[in-house]
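FYI, it's all coordinate maths here, none of it is from the lab. Remember, predicted model here, so these are calculated numbers, not experimental data. Heads up, the Cβs are rebuilt from the backbone with ideal geometry, glycines too, and the neighbour counts pull from every protein chain shown.
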Amino acid sequence: MSEVKSGKPWPDPPEDLLGLPAKPIGIYQNPMPMPNVKWKDFPKNMPFEEYHQMAGKYGIHHTVNHGKLLYDSAKHGTGEGYIVEIGTYWGHGACYLAFGSKTAGREKVITIDIDKGHMYSLYSNQFFDRPPGQLLRTYMNFLMVGVSDWIIPIRCDSILASEILDVPIRVLHVDGDHYYNPAAWDIIAWEPKLVLGAIVIFHDYNLEGVQKAVDEYIQKNPVFSDVVVVDIMTAYAYKVAA
Ligand SMILES: C[S@@+](CC[C@H](N)C(=O)[O-])C[C@H]1O[C@@H](n2cnc3c(N)ncnc32)[C@H](O)[C@@H]1O
């Protein structure tokens, strides 16, 4: 395995950068409460293909392979524990996960995104700085496909969240920072929370940083099964030993 820096994944940024706090400010909740209203009833027993089409109409989209893997894992996966996603963005992955889990009446989806303003992100090009209106659109997406009550969105750096959230996890969707060092850290930081039999799913496996992190920290790690590459975008493995 090539070496990933010990300690924090990135060096501390200079204190005065952009006048923003240099250190993580902790987990903070959505800027506004999720409206406690029924926007749309969840279509009971809706087949995956129908959901995929319906979500597509709202602009919520993953490849069929990736969407189905998220849905199946959330619905049928082994073990008990939360479903965690690193990288929410528009919430597409979270919708597929939540749809699967909600259909089966199983655990909720915790989706984590740094979203903006976190200084560590300046060390990576994966910084998606977007105005609050766009964030609202993410929450609207959850509402529009009937899964807002099954998703717990958290705005926080992934590594910081891993230090604070003490939860067992049975499905982990890794779709955050796609550079090697942060992607590797996502694996290292979250692996101890995975229950036996948990599945870890990677999006954008075609990207060099993600592929290298998966090859070195999943494929070569005996606690995981062999990595299954589904297609150019998608790869997964199971936790097979404690
Ligand atoms: C490719 S997008 C995620 C797409 C999303 N999973 C979907 O299916 O719609 C990557 C997201 O990771 C977030 N991200 C990048 N670095 C992060 C970090 N260190 N902690 C948490 N989120 C991070 C970005 O803000 C961005 O929104």
Ranked highest first by average number of other Cβ atoms within 10 Å, how do 164-170, 175-181, 92-98 line up?
92-98, 175-181, 164-170
With the 8 Å Cα cutoff and a minimum separation of six or more residues, the range 173-240 has a relative contact order in percent of 37
Using the 10 angstrom Cβ neighbour count as an exposure proxy, how do Thr103, Thr111, Thr63 rank, fewest first?
Thr63, Thr103, Thr111
Which one, Leu165, Ile154, Thr103, projects farthest toward the positive side of the charge dipole computed for the range 65-238 from Cβ point charges (K/R +1, D/E -1)?
Thr103
Restricting to the range 65-238, what percent of DSSP beta bridges are antiparallel, rounded to 5?
25
Show me the ranking of peptides 149-161, 188-200 by mean Cβ neighbours inside 10 Å, starting with the highest.
149-161, 188-200
